[in-house]
Every structure is written in structure tokens, then in C-alpha cells.
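Asker: Starting off with a structure, shown below.
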Amino acid sequence: METTSENRQTTLQITGMTCAACANRIEKGLSKLDGVASANVNFALEKASVTYDPSKINVDTLEQTMRKLGYDTAKEVAQFQLEGMTCAACANRIEKGLGKLPGVTNAAVNFALASARIEYSPGEVTIADLQRKVKQLGYKAILKEDDASNGDRREKEIGYHKRSLFVSAILSLPLLWSMVGHFSFTSWIYLPDLFMNPWFQLILATPVQFYIGRRFYEGAYKALRNGSANMDVLISLGTSAAYFYSVYLTIDWYFDSGSAHHGPSLYYETSAVLITLVVMGKWFEALAKGRTSEAIQSLMGLQAKTASVVRDGQELTVAVEEVLVGDIVLVRPGDKVPVDGEVVEGESSVDESMLTGESIPVGKKAGDGVIGATINKNGMLRIRATRVGKETALAQIVKVVEEAQGSKAPIQRIADRISGIFVPIVVGIAVLAFLIWYFLVTPGDFAGALEKAIAVLVIACPCALGLATPTSIMAGSGRAAEFGILFKGGEHLEQTHKIDTILLDKTGTVTKGKPELTDVLTAGDEAEFLRLVGAAEKSSEHPLAEAIVAGVRNRNIEIPIVESFEAIPGFGIKAAAEGKTVLIGTRRLMELYDVDAATAFDTMSRLEESGKTAMLVAIDGRYAGMVAVADTIKETSRAAVSRLKEMGLQVIMITGDNERTAKAIAAGVGIDHVRAEVLPEGKAEEVKKLQAEGKRVAMVGDGINDAPALATANIGMAIGTGTDVAMEAADVTLMRGDLASIPDAIYMSRKTMSNIKQNLFWALGYNTLGIPIAAVGLLAPWVAGAAMALSSVSVVLNALRLQRVNLK
């Protein structure tokens, strides 16, 4: 593939290379990709310079290839609050400008939030470089510092629009009065002579045009200076045409003594009323956009302000920001838990509904974890702080929701492409309408032709297009968060509605993941048998191992020290204790070590058919007995599976357990399709097989061994009670920890996508119909301006309906 002017170059900072051979391997791997023109890897600098065709491949694909090769890319994320944007074309321009900077791998600008999220390589570009680029484009980028400042900025914006509207409305009212008095059906309205005086109208219209309307001129100048056009260009052209034509008529009237007693037909009210209506629309828009981010504000409002900590034997009340990891915190009945921690003393029930959406309080005792911002209901708790500040679960939830609201859904690309060419096309249509009216329809009627052109300019609304997707994403992801469903990005919120197959991990997802030791079968001394079994399983982190160890301890059997331990994924474990070698696991483990356990297979099958997980035990190479554990099914699993089926989804359970146990569990919850005895690394392969059949797969899991499958699936859903690794790999986190959140997440995605399509249909339909209607002269300019102002507001108000979606 040859390098062309359409190609882009990016530099990736690489981590994990240990020798020149690594660099060679990466270079070859990247060069094989379709769309890559060249790839050069520098081992000394740990950098890869890649020239690629953006129409065939993107930076995300390059990074995914690196990860598949066993390496990673070092990049940082900067988030900015942007000032000066007036429409979607502005956001488009900033995004393209930042995307062209060397070292920037991804730039996403959200017009609705007035924010930018930039992924970049710190060795190639700095924060200051990013801010300089935005300034060069005519805008201001402020690095996000704290949430309070963002709220203050929103309030200032609303206040600015409100003050501008007040001044503009006061000055425009007499002009609107004079216009209304011209109609025959309103001739009864008293019209002071002063209001008809051209000089009086000029005095009123000028501050509206150049003081209130200054922002539009500045925005138009910045856009044109950078070789593009936006809504400001349309408003500036339309209002300036009406204003300056009226100034010309006023001066002509003054010097024409023959018509000194007859006032000319002026258009001051057109320019002033248009600006007033646009400012009013901006005010409404700012108010509505503020409401779409209420989810973030309400989440942040959950945080406790103070905490009671014990230091040097003294109880102190400190600001929650001053709590340190390791501090002992007292939480009285009715108080909020200030930080994440572990209960060291006391028993109580804790209301976690504000974070998980689960209304039933959860019992807590010594050793249990608690989450900051939840409410202690009845007992006194002493907790040890484990995560504070930005590390708490609440802070992480706020971060995920903010990033989701600031991200772009793929469907938004349609609006972005249209916005990029929208304004020049509208200006062309306005000029064409003027020429047709002036030369063909009403020859010589300059004022009439100008009126039609102004109507075309001001009715066009790229803002509605720009707001159609992000406002729905903001409202939808915010509402989902209130029910404990965290979408990590707009693309995941969009893709979830396309899912047709749900792949459920069994342990901890369908079941509670807290099995109990139910059966012990051995021909020898049971206590001695369990001593060795307990020692072997003690070093394992598997939930089944924990159940066996707990069962041994409950029988008051002392567990000896293990001398060696090896986990054999998908088979079982091998350990040594008291000089004896212990094997515990599946039939295949016994076969692997040539242990004859055939006499136990029938008993094992009966246990498995009853839904228990049976494990064979061999000591020093000879079969010694069997232990069985049972995991209980979550109360909500059956109802959730039923809902998923009603939604037209295929539900499959995947597990490392044997087929009999898996089918018994599946039958208990109504799952018809089971994939059993799948090794941890095989889960990702099962996902790929389903995808090869044309399925769009959502993988749901909670463990470390689920992470590859979660990352491979079209959508990965992590149960919130699971491991951090699983949640990191997933696209959606289900904080409630039960399967009922899965249909809720899909339903929320479907509702959001429906809302986005309604918004896009309205925005596109409005412009497609409105512009021709204005061009043929059926709309007065002030009516067109009012329609334009209200079109943006209507899109935001429609998005706000998502905040009333009920998932329970």
C-alpha cells in the first residue's frame, strides 16, 4: 500500500518490549494490517510510528493489535471544558483540529456538554499544545479541575443568556409593536408615532445588533478565519442584511425630502427580533442541558460531607476529604458511610439503593465491605477506610458516567458529516432564493427578495442536529446510572440494543457464587481425609475452594500447612501437605495423572444431576474419595432469564463445570442452551464461535477468568459484585449484582436509541422541510427565527423524557 495525502501518521508509546526482537514482531504485526502504509518501531525510544489510511483502519485497531501481540500503548487522557462553541459545526472543527495533532490518538468533542476528551501520547504532545490548538481555532479550553467549577460555569452561562435576553427583549419590544401595528387585523392596537420614527428604531436596533449580537459576529469571524462556517455565520448574515438594508433606507429617507413625511418600510424589527429569539432559544437550551446532567449532580450530592474518625483514642469530626486509608471511622445509625471500607466491629443493615438501585438493605458484619455514600440503617459500625477520595466506588461511578456522557455514539457521525457541509449549502440556497425572487418571481423587488433570503438563513438549524445524539446519551446513561447500570461510553449504550445472544457465566452470575460443602465420601478416616483436602484447597482463590475450606473448619478440623500448590485451570489443583501429594478436580485431572477413579463415576454423576459440583480426590496417586459442593441460584435469575427470552434474546449458560451439573442449574432458571466444561481461556473462543455464526453477543461474568471473554464479546457486562479486573474489561457494569440488570440495560439502550432516532428525524426533517418553505416565501423571517430557536429546545426536551424511564 502506498502513502497518499489522505493517510495519517500516529506515534504510539509502547510498554512491555524487552528486546529488539519484540520491536521486530510489532513492526511485522502492524504492517500486515489492511490500511497500514508503513510501521516503524524504535526499541530504544519504545515508540511505533505508523502511517495509515483512516478510511480503512483507526488507532483503536492499531492498539488492539498491539495488545494481541502482548504489548500495550502508554497514553493519557485529558478532559477540557470548552468555551465559545455555538453549534455542532464548532465541535466538529475543534475535533478535527485536535485530531490532526501528532500524538493525539482520539479526540471527542461533545457540543451538548461543551467538553472535550483527548487521548494522547505525552511524549508527542502536551496539555499546553492541546490548549494552544483550541485557542488557535478561536475557542478556549479549560482543563477540568473539579465538578463544582463545572456547575458554576453552567450557572454563569444560564445567567449570561438570561441577562442578554432581558436587555434584548426590552429593546426589541417597541420594534415588534411597530411591526404588529402594520397588519390590518391589528389596526385597533394603539401605535405611538415615536415607534414609527426610523431614527428611534435605529437607536433601539443598534445595541441589539452589535452588543447582544456581538457573540454571533465573533463566532462567525473565528469560523471563517479557520476556513469553515457555523450557525453564527447564518445569523450574522441574516440579521446584518436586514439591519444594514434598513440603515440604507433610513439614510435614503432622510435625504429624500419628497418622502420625508412618509416613513420607509424598514426591517429593524426583523434583525432585533431574530437575535432576541435566538438568545431566548440559547437560554432555554442551557436550562434544558443543565437538566440532562442532573444524574451527575445527584450522584455527587450523595457524598457525605464529614466523617467521625478515631485517632489516638479520640473521636474527631473531619471533612471527608481528610479521611486517610487505614483510619477507623464510626458510622452511627442514620449516618452516611463516608468512604469505602471494611467493617471491623458492629452489625447493621445498610441501604445501598442510591448506588445499586437495590431497595432491600444489605446486612453487614465484621469483615464485610461497605461502600461510601450508602446509609447505615440501625446498628453502630466501626469501619477501616480502604479507599478514599477519587478511589471510592462513588467517585469511580461518577467518572464512568461523566465519560459516558462525554463520549460519542457511532450514530452521531451521521449528524457530524451533515453539520460539516450544512452552513455553506444553506448560504448557497439563500443566495439562490434571493436571485430567483429578485430576477424572476418579483423582478426588481429587492426588499421582498432579501426577506426570503433572510428567512432561509435563519430557519436553518445545525444546532438541533448537533444536540440530537449527545443529549439523549447524557439523559439515557444518567438514568441508567440511577438504577445501578453503568455504560462506559456512548458507543456501548448504542451497541447494547443490537445484542441478540446473552452468554451467562454460571458461578457468581446465575448463582450466588457462595457454594457450601454438602457431601464428603471416603472409604478411610473422614477427618484425616478432610485435613488434606482443606490444606490443598486453602491456597486456591476459587469460590468452590473457599466453600470446601469453610466446610472443613466448620467441622472443627485443623488444617495443616500446605507445602506446595499448583492450580491447573479447567482441571483442578495439585498440592502437597504433610509429605503427601493431593489431587482434587475433574475426571480429566484423574486421567491426566493416571489415577483410576472409575468406580466413583456413577456416584459423581448422581451428585451432578442434582445440581452439585462433585470433585474427585486422589492422595499419593490413588483415588481416596470425593467432595461435593452446591451453589444456590440467585432469587432474581429465573425471572431475569424469562424477561430476556420475552425480549427475543437467546440465552446461553457457559461454565467450567461438567455437563450434568450445568444442565441441572440451567434447568432451574429456564436456560435451554448450555456450554459446559469450558476452560477459562475457552470462554473467549466460545464467544468468537457465536460471532462467527453472525450473532451479536453480550458476555456476562464476574471473575478474573471472564475478562478475556468480556473483552472479546460485542458487549461485555460485569456483575458489580465481581472483581475489578472483570469490571475493567467490561463495557457495562451492573452494580446490583443480579441478572435483572441485564434486561434493564438492554431496555435502556433500546429506549435511548429510539429517542436518538426521533431527535435525528426531527432535526433532519425540520431542516429539510423548513428551508424550502422559507425559500418559497411562506415564512416571515421572525417566524423562521422563532422556529429555529424552538427546534433546538424541542430536541433537548425530547431527550429529557429518558429521565422518566422506569426500569422497575
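The values are calculated or read from the model by the stated rules, or taken from the named source; none is laboratory data. These numbers come from a predicted model, not from an experiment. When we count neighbours, we look across all protein chains shown, and the Cβ atoms used for this are built from the backbone with ideal geometry, even at glycine. Ligands, DNA and RNA are excluded from the accessible area calculation, which covers all protein heavy atoms including side chains. Shrake-Rupley method; radii C 1.70, N 1.55, O 1.52, S 1.80 Å.
Asker: In region 555-564, how many are under 27 Å from Asp631 (Cβ atoms), in contact (Cβ under 8 Å) with a residue 12 or more places away in the chain and open to solvent by 70 Å² or more (accessible area, probe 1.4 Å)?
Answerer: So the answer is 2.
Asker: Also, I was wondering about something else. For region 469-532, list the strands (runs of 3 or more DSSP E) that sit wholly inside it and hold at least 2 residues that are modelled with pLDDT of 90 or more, open to solvent by less than 10 Å² (accessible area, probe 1.4 Å) and out of contact with any Phe, Trp or Tyr (no Cβ under 8 Å at 6 or more places or on another chain); which are they?
Answerer: Details: elements: 485-487, 501-505, 516-522.
Those strands (runs of 3 or more DSSP E) span 501-505.
Asker: Taking region 554-581 as the region of interest, how many residues are farther than 11 Å from Arg531 by Cα and either in contact with a helix residue (DSSP H, G or I) (Cβ under 9 Å, 6 or more places away or on another chain) or in a strand (DSSP E or B) (or both)? Give the steps one after another, and end with the answer.
Answerer: Step one: filter region 554-581 for residues farther than 11 Å from Arg531 by Cα, giving 554, 563-576, 579-581.
Right, trim to either in contact with a helix residue (DSSP H, G or I) (Cβ under 9 Å, 6 or more places away or on another chain) or in a strand (DSSP E or B) (or both) and you get 563-576, 580-581.
Qualifying residue count for the region: 16.
Asker: If you don't mind, another one. Within region 362-371, identify whether any single residue is more than 28 Å from the chain's Cα centre (by Cα), modelled with pLDDT of 85 or more, buried (at least 18 other Cβ atoms within 10 Å of the Cβ) and under 17 Å from Leu302 (Cβ atoms), and answer yes or no.
Answerer: no
Asker: Then there's this: State which residue pairs qualify: first residue on the phi > 0 side of the Ramachandran plot and inside region 61-88, second residue buried (at least 19 other Cβ atoms within 10 Å of the Cβ) in any location, beta carbons under 8 Å apart, and separation of 6 or more residues or different chains.
Answerer: Gly84/Cys90; Gly84/Gly138; Gly84/Tyr139; Gly84/Gly219; Gly84/Lys222
Asker: Quick check: anything in region 423-442 without any contact (Cβ under 8 Å) to a residue 12 or more places away in the chain, within 26 Å of Val109 (Cα to Cα) and open to solvent by 10 Å² or more (accessible area, probe 1.4 Å)?
Answerer: Within region 423-442, one or more residues are without any contact (Cβ under 8 Å) to a residue 12 or more places away in the chain, within 26 Å of Val109 (Cα to Cα) and open to solvent by 10 Å² or more (accessible area, probe 1.4 Å).
Asker: Another question, then. Taking the condition open to solvent by less than 50 Å² (accessible area, probe 1.4 Å), in a strand (DSSP E or B), modelled with pLDDT of 80 or more and touching a Gly at 6+ places or on another chain (Cβ under 9 Å), does Ala39 pass?
Answerer: yes
Asker: Which residue pairs have Cβ atoms closer than 9 Å, lie 6 or more positions apart in sequence or on different chains, and pair a first residue in region 127-139 that is under 15 Å from Lys222 (Cα atoms) and touching a residue at least 24 places away in the same chain (Cβ under 8 Å) with a second residue that is among the hydroxyl-bearing types (Ser, Thr, Tyr) and surrounded by fewer than 15 Cβ atoms within 10 Å (Cβ to Cβ)?
Answerer: Listed pairs, sorted by first residue: Gly138/Tyr221.
Asker: Tally the residues that are assigned to a helix (DSSP H, G or I) and open to solvent by 20 Å² or more (accessible area, probe 1.4 Å), restricting the search to region 776-799. Lay out the reasoning, then the answer.
Answerer: Of all residues in region 776-799, those assigned to a helix (DSSP H, G or I) come to 781-799.
Narrowing further to those that are open to solvent by 20 Å² or more (accessible area, probe 1.4 Å): 782-783, 786-787, 790, 794, 797-798.
Matching residues across region 776-799 total 8.
Asker: Which of the residues that make up region 738-770 are among the β-branched types (Val, Ile, Thr) and either modelled with pLDDT of 90 or more or part of a loop (DSSP other than H, G, I, E, B) (or both)?
Answerer: Narrowing region 738-770 to residues among the β-branched types (Val, Ile, Thr): 742, 746, 752, 756, 768.
Matches in region 738-770: Ile742, Ile746, Thr752, Ile756.
Asker: Output the number of the condition that Val401 fails; it satisfies all remaining conditions of (1) farther than 24 Å from Phe284 by Cβ; (2) in contact with a strand residue (DSSP E or B) (Cβ under 7 Å, 6 or more places away or on another chain); (3) modelled with pLDDT of 80 or more.
Answerer: (3)
Asker: Identify, please: which residue in region 673-715 is assigned to a loop (DSSP other than H, G, I, E, B), modelled with pLDDT of 75 or more and among the small types (Gly, Ala, Ser) and is, among those, nearest to Thr613 (Cα to Cα)?
Answerer: Ala676
Asker: Just to be sure before I move on: is Pro333 assigned to a loop (DSSP other than H, G, I, E, B) and over 30 Å from the mean Cα position of the chain (by Cα) in the structure I sent? Can you show your working first?
Answerer: Details: assigned to a loop (DSSP other than H, G, I, E, B): yes; over 30 Å from the mean Cα position of the chain (by Cα): yes.
Taking the combined requirement at face value, the residue satisfies it.
Asker: Right, something else. Return yes or no: is Ala718 over 28 Å from Ala614 (Cβ atoms), hydrophobic (A, V, I, L, M, F, W, C) and either at pLDDT below 90 or in a loop (DSSP other than H, G, I, E, B) (or both)? Steps first, please.
Answerer: Numbers: over 28 Å from Ala614 (Cβ atoms): yes; hydrophobic (A, V, I, L, M, F, W, C): yes; either at pLDDT below 90 or in a loop (DSSP other than H, G, I, E, B) (or both): yes.
So Ala718 passes the test.
Asker: While we're looking at this one, here's another question. Pull up region 65-81, narrow it to residues that are at pLDDT 75 or above and within 18 Å of Leu101 (Cα to Cα), then point me to the one that is most open to solvent (accessible area, probe 1.4 Å).
Answerer: So, considering only residues that are at pLDDT 75 or above and within 18 Å of Leu101 (Cα to Cα), the one most open to solvent (accessible area, probe 1.4 Å) is Glu76.
Asker: Applying the selection to region 404-415, what residues are at pLDDT 70 or above and in a helix (DSSP H, G or I)? Spell out how you get there, then give the answer.
Answerer: Within region 404-415, the subset at pLDDT 70 or above is 409-415.
Listed by number, the residues that qualify are Gln412, Arg413, Ile414, Ala415.
Asker: A further question on this structure: Hey, among the residues in region 50-64 that are outside any loop (DSSP other than H, G, I, E, B) and not hydroxyl-bearing (Ser, Thr, Tyr), which one's most open to solvent (accessible area, probe 1.4 Å)?
Answerer: Keep residues of region 50-64 that are outside any loop (DSSP other than H, G, I, E, B), which gives 50-52, 59-64.
With not hydroxyl-bearing (Ser, Thr, Tyr) added as a condition, the list becomes 50, 59-60, 62-64.
Numbers: Val50: 0, Val59: 10, Asp60: 78, Leu62: 0, Glu63: 5, Gln64: 94 Å².
So the residue we want is Gln64.
Asker: Looking at region 642-695, which of its residues are among the hydrophobic types (A, V, I, L, M, F, W, C), open to solvent by less than 40 Å² (accessible area, probe 1.4 Å) and closer than 22 Å to Gly572 by Cα?
Answerer: Once the filter is applied, which keeps residues that are among the hydrophobic types (A, V, I, L, M, F, W, C), open to solvent by less than 40 Å² (accessible area, probe 1.4 Å) and closer than 22 Å to Gly572 by Cα, region 642-695 yields Met653, Ile654, Ala662, Ala664, Ile665, Ala676, Val678, Ala684.
Asker: Follow-up question, since we're still on this one. Is it the case, given these coordinates, that Met615 is touching a helix residue (DSSP H, G or I) at 6+ places or on another chain (Cβ under 8 Å), closer than 25 Å to Gly513 by Cα and not in a helix (DSSP H, G or I)?
Answerer: Values: touching a helix residue (DSSP H, G or I) at 6+ places or on another chain (Cβ under 8 Å): yes; closer than 25 Å to Gly513 by Cα: yes; not in a helix (DSSP H, G or I): yes.
Yes.
Asker: A further question follows. Ala577 versus (1) open to solvent by 30 Å² or more (accessible area, probe 1.4 Å); (2) of a type in the set (A, V, I, L, M, F, W, C); (3) touching a residue at least 40 places away in the same chain (Cβ under 8 Å): which is the lone unmet condition?
Answerer: Failing condition for Ala577: (1).
Asker: Which condition breaks for Ala241 when tested against (1) touching a Gly at 6+ places or on another chain (Cβ under 7 Å); (2) touching a residue at least 60 places away in the same chain (Cβ under 8 Å)?
Answerer: Status for Ala241: all satisfied but (1).
Asker: Within region 65-86, track down each residue that is small (Gly, Ala, Ser), assigned to a strand (DSSP E or B) and more than 15 Å from Gln131 (Cβ to Cβ).
Answerer: Ala74, the sole residue that qualifies.
Asker: Report, by residue number, each residue of region 374-390 that is polar (S, T, N, Q) and not in a strand (DSSP E or B).
Answerer: Taking region 374-390 and keeping what is polar (S, T, N, Q), we get 374, 376, 378, 386.
Those that are polar (S, T, N, Q) and not in a strand (DSSP E or B): Thr374, Asn378.
Asker: Given the residues Gly428, Gly420, which is the only one that is modelled with pLDDT of 90 or more and either under 21 Å from Ala89 (Cα atoms) or not in a helix (DSSP H, G or I) (or both)? Quick ask: steps written out before the conclusion?
Answerer: On the way: Gly420 fails: modelled with pLDDT of 90 or more.
Of the residues listed, the single one that is modelled with pLDDT of 90 or more and either under 21 Å from Ala89 (Cα atoms) or not in a helix (DSSP H, G or I) (or both) is Gly428.
Asker: Moving on. Show the residue pairs that are 6+ apart or on different chains and have beta-carbon atoms under 9 Å apart, the first residue being within region 318-344 and under 17 Å from Asp368 (Cβ atoms), the second being open to solvent by 60 Å² or more (accessible area, probe 1.4 Å) and among the hydroxyl-bearing types (Ser, Thr, Tyr).
Answerer: Between residues of region 318-344 that are under 17 Å from Asp368 (Cβ atoms) and residues that are open to solvent by 60 Å² or more (accessible area, probe 1.4 Å) and among the hydroxyl-bearing types (Ser, Thr, Tyr), the close pairs are Pro338/Thr306; Val339/Thr386; Asp340/Thr386; Gly341/Thr386; Glu342/Thr386.
Asker: Select from region 108-120 the residues that are in a strand (DSSP E or B) and within 24 Å of Val796 (Cβ to Cβ) and list them in ascending order.
Answerer: First, the residues of region 108-120 that are in a strand (DSSP E or B): 108-110, 115-120.
Matches in region 108-120: Ala108, Val109, Asn110, Ser115, Ala116, Arg117.
Asker: If you don't mind, there's one more thing I want to ask. Of Ile235, Ile212, which residue is buried (at least 16 other Cβ atoms within 10 Å of the Cβ), among the β-branched types (Val, Ile, Thr) and modelled with pLDDT under 85?
Answerer: Working: Ile212 fails: modelled with pLDDT under 85.
Matching residue, one of Ile235, Ile212: Ile235.
Asker: Let me ask you something else. Listed residues Gly551, Gly570; which is modelled with pLDDT of 90 or more and surrounded by 13 or more Cβ atoms within 10 Å (Cβ to Cβ)? Step through it out loud before you land on a result.
Answerer: Numbers: Gly570 fails: modelled with pLDDT of 90 or more.
Testing whether each residue is modelled with pLDDT of 90 or more and surrounded by 13 or more Cβ atoms within 10 Å (Cβ to Cβ) leaves just Gly551.
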